[in-house]
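Chemist: Below you'll find the structure I mean.
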Amino acid sequence: MTLVRARVTDTPDDPFAGGALRHDEDAGLLVTDGLITARGPYAALRAAHPAEEVLDLREGVLLPGFVDTHVHYPQVRVIGSLGLPLLEWLDRCALPEECRLVETSYAAAVAREFVEGLVSAGTTSALVFGAHFAPAVDVLLEEVARRGLRVTAGLVVSDRGLPEPLLTTPERAYDESRALAQRWHGRGRIRYAVTPRFSYSTTEAALDACAAVLKDEPGTWFTSHVNENPAEVAAVDRLFQDALHYVGTYDGHGLVTERSVLAHNVHATDDELALLAGRGAAVAHCPTSNSALGSGLFPMRRHVEHGVRVALGSDVGAGTGFSLLKEGLQASFMQALLGPAGLPLTPAHLLFLATRAGALALGLEVGDLSDGRPFDAVWIRPAPGDPLDVGLRNAASPDDALAKVFALGTPADIAGVWVAGERVDGARPRDVMGPER
Ligand code: GUN
Ligand code: ZN
């Protein structure tokens, strides 16, 4: 057992439903076998557990580990190709790189970089778009298992419209996906996600194969892209003449359920939002990607009004990094830019979107630091004198402090990351015994 002492901020109550930020200035969290087994004022917990080792994280702030609900493993090396719209960006930047993962040794190197990117940004859980090649998915999940993160991922399926090396057949997609799901789903913290790339690159037969995997491997998840860019939406309309709309291209195959996460949904119709809400599916909002590709301003208010669950995704590599702090900040900018149509986001909204909302979208019992949850946490501790350090020391309130974390925080400010009580960022805390200054 360890007694963690920290300034703890989290969002157990949904701020979109009126919940407020929870902040404890001097909290004690008793961590037993990776679970938080007691939470309260530090002094009270210390009195009750006088002999426990204390992990002193009082400098900075302790948050729940971030949950990234949409991120592409093969794209870590193409982050930062700015200024192209989706289909051109795929052709010129993303897909040529994704072809390289046919070499499993190349994929293994990318997998190490990718998982390090997640960890160093404080992401403890993620729904990951895998690769088009089964061995490349294996090396990703081996690396995830080695580092201990909570990852849901799968083989990316496409059978049309992409460069030939990325294409498969419905039969092969079914066989390879099932084999991967059988090897990985439920192993440690890993789960399998059935992953057609998007309707633009899948035939009805491939979507049927995806549905068959979901049915034959119970408990697996579903993820894809939807309504990201107007040219893409128009192309999907032409390809699926019988579907009511883009969401309908998936729903017609039974792929939209409470275990589905669809990325983007920037150009959704009311009918699509009503369908997503009715099915209990979640949407991954990816603000820096939507900005970098000029995809559009996410209609957060319409999602919330329809009752569609929303969480955050980094969408690396169209997104500009792994940090969900940056995504939260960009989400707030974009809602502000929408003017009266936007939904003003408070710091509590941003933290919820980056943590508990993602956990809810992925059906994970994480996302806040309540008694009974796994200790998945990220310790934000800026260097002394850094603008974030100055901001935290002068914050007017816990909400103000959190706003400063989103405005100024980067992976360089992350001093510790834990999953189920295990340190995953590969170093000991900088000051277990107390502040170094
Ligand atoms: N739609 C299909 N593939 C992709 C991708 O890799 N990134 C984004 N942003 N959208 C996509
Ligand atoms: Zn994506």
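Chemist: Please indicate, with yes or no, whether at least one residue in the stretch 283-296 is more than 12 Å from Asp315 (Cβ to Cβ), open to solvent by less than 10 Å² (accessible area, probe 1.4 Å) and within 13 Å of ligand 1 (Cβ to nearest atom). Don't jump to the end; show me each part of the working.
Modeler: As a first pass, look at the stretch 283-296 and keep what is more than 12 Å from Asp315 (Cβ to Cβ): 283, 294, 296.
Now restrict to residues that are open to solvent by less than 10 Å² (accessible area, probe 1.4 Å): 283.
The next check asks that each one be within 13 Å of ligand 1 (Cβ to nearest atom); those that pass are none.
No, the stretch 283-296 contains no residue that is more than 12 Å from Asp315 (Cβ to Cβ), open to solvent by less than 10 Å² (accessible area, probe 1.4 Å) and within 13 Å of ligand 1 (Cβ to nearest atom).
Chemist: In this structure, is Leu273 away from ligand 1 (no atom under 16 Å from the Cβ), under 23 Å from Ala231 (Cα atoms) and open to solvent by less than 10 Å² (accessible area, probe 1.4 Å)? Break it down into steps so the answer makes sense when it comes.
Modeler: On the way: away from ligand 1 (no atom under 16 Å from the Cβ): yes; under 23 Å from Ala231 (Cα atoms): yes; open to solvent by less than 10 Å² (accessible area, probe 1.4 Å): yes.
The answer is yes for Leu273.
Chemist: Could you give me the residue pairs with C-beta distances under 6 Å whose first residue belongs to the stretch 208-223 and is closer than 23 Å to His285 by Cβ, whose second residue is in a loop (DSSP other than H, G, I, E, B) and open to solvent by less than 20 Å² (accessible area, probe 1.4 Å) wherever it lies, and which are 6+ apart or on separate chains?
Modeler: Sorted first by the residue in the stretch 208-223, then by its partner, the pairs are Phe222/Leu255.
Chemist: Between Val405, Val417, which is surrounded by 18 or more Cβ atoms within 10 Å (Cβ to Cβ), part of a helix (DSSP H, G or I), of a type in the set (Val, Ile, Thr) and in contact with a helix residue (DSSP H, G or I) (Cβ under 8 Å, 6 or more places away or on another chain)? Don't jump to the end; show me each part of the working.
Modeler: Working: Val417 fails: part of a helix (DSSP H, G or I).
Step by step, each of Val405, Val417 is checked, and only Val405 is surrounded by 18 or more Cβ atoms within 10 Å (Cβ to Cβ), part of a helix (DSSP H, G or I), of a type in the set (Val, Ile, Thr) and in contact with a helix residue (DSSP H, G or I) (Cβ under 8 Å, 6 or more places away or on another chain).
Chemist: Then there's this: Out of Pro218, Pro165, Pro230, I need the residue that is within 16 Å of ligand 1 (Cβ to nearest atom), farther than 23 Å from Arg100 by Cα and open to solvent by 50 Å² or more (accessible area, probe 1.4 Å). Which one? Please lay out each step first, then the result.
Modeler: Values: Pro218 fails: within 16 Å of ligand 1 (Cβ to nearest atom); Pro165 fails: farther than 23 Å from Arg100 by Cα.
On inspection, the qualifying residue turns out to be Pro230.
Chemist: Going residue by residue through the stretch 109-123, is there one that turns out to be of a type outside the set (Lys, Arg), under 20 Å from Pro196 (Cα atoms) and within 16 Å of ligand 2 (Cβ to nearest atom)?
Modeler: Taking every residue of the stretch 109-123 in turn, none turns out to be of a type outside the set (Lys, Arg), under 20 Å from Pro196 (Cα atoms) and within 16 Å of ligand 2 (Cβ to nearest atom).
Chemist: Moving to a separate point now. Which condition does Leu127 not pass, out of (1) more than 16 Å from ligand 2 (Cβ to nearest atom); (2) touching a Phe, Trp or Tyr at 6+ places or on another chain (Cβ under 9 Å); (3) in contact (Cβ under 8 Å) with a residue 60 or more places away in the chain, if it passes all the others?
Modeler: (1)
Chemist: Being open to solvent by 10 Å² or more (accessible area, probe 1.4 Å), among the hydroxyl-bearing types (Ser, Thr, Tyr) and in contact with a Gly (Cβ under 9 Å, 6 or more places away or on another chain): is that true of Thr257 here? Don't jump to the end; show me each part of the working.
Modeler: On the way: open to solvent by 10 Å² or more (accessible area, probe 1.4 Å): yes; among the hydroxyl-bearing types (Ser, Thr, Tyr): yes; in contact with a Gly (Cβ under 9 Å, 6 or more places away or on another chain): yes.
Yes: the conditions hold for Thr257.
Chemist: So, in the stretch 118-136, exactly how many residues are away from ligand 1 (no atom under 16 Å from the Cβ) and open to solvent by 10 Å² or more (accessible area, probe 1.4 Å)? Spell out the reasoning first.
Modeler: Our first condition is that a residue be away from ligand 1 (no atom under 16 Å from the Cβ); within the stretch 118-136, this holds for 118-125, 134-135.
Now narrow it down to the ones that are open to solvent by 10 Å² or more (accessible area, probe 1.4 Å): 120, 134-135.
Counting residues in the stretch 118-136 that are away from ligand 1 (no atom under 16 Å from the Cβ) and open to solvent by 10 Å² or more (accessible area, probe 1.4 Å) gives 3.
Chemist: Then there's this: Find the residue count for the stretch 257-274, including only residues that are away from ligand 2 (no atom under 12 Å from the Cβ), more than 12 Å from Arg309 (Cα to Cα) and not in a loop (DSSP other than H, G, I, E, B).
Modeler: Selection size over the stretch 257-274: 3.
Chemist: Which one is nearest to ligand 1 (Cβ to nearest atom), of the residues in the stretch 233-257 that are closer than 21 Å to Ala361 by Cα and among the aromatic types (Phe, Trp, Tyr)?
Modeler: If we take residues in the stretch 233-257 being closer than 21 Å to Ala361 by Cα and among the aromatic types (Phe, Trp, Tyr), then Tyr246 is nearest to ligand 1 (Cβ to nearest atom).
Chemist: Could you figure out which of (1) open to solvent by 10 Å² or more (accessible area, probe 1.4 Å); (2) under 30 Å from Leu273 (Cβ atoms); (3) in contact with a Leu (Cβ under 8 Å, 6 or more places away or on another chain) isn't true of Tyr192?
Modeler: Here Tyr192 clears every test but (1).
Chemist: A further question on this structure: If we keep just the residues of the stretch 62-100 that are away from ligand 2 (no atom under 15 Å from the Cβ) and at pLDDT below 95, which is nearest to Ala359 (Cα to Cα)?
Modeler: Filtering the stretch 62-100 for residues that are away from ligand 2 (no atom under 15 Å from the Cβ) and at pLDDT below 95, the one nearest to Ala359 (Cα to Cα) comes out as Leu82.
Chemist: Of the residues that sit in the stretch 73-92 and are farther than 12 Å from Leu293 by Cα and within 10 Å of ligand 1 (Cβ to nearest atom), which one is surrounded by the most Cβ atoms within 10 Å (Cβ to Cβ)?
Modeler: Result: Pro74.
The values are calculated or read from the model by the stated rules, or taken from the named source; none is laboratory data. It should be emphasised that the depicted structure is a prediction, and the values quoted were computed from it without experimental measurement. Quick reminder, even Gly has a Cβ in these numbers, built from the backbone with ideal geometry, and neighbours come from all protein chains shown. Heavy atoms of the whole protein, side chains included, go into the accessibility calculation; ligands, DNA and RNA do not. Shrake-Rupley method; radii C 1.70, N 1.55, O 1.52, S 1.80 Å.
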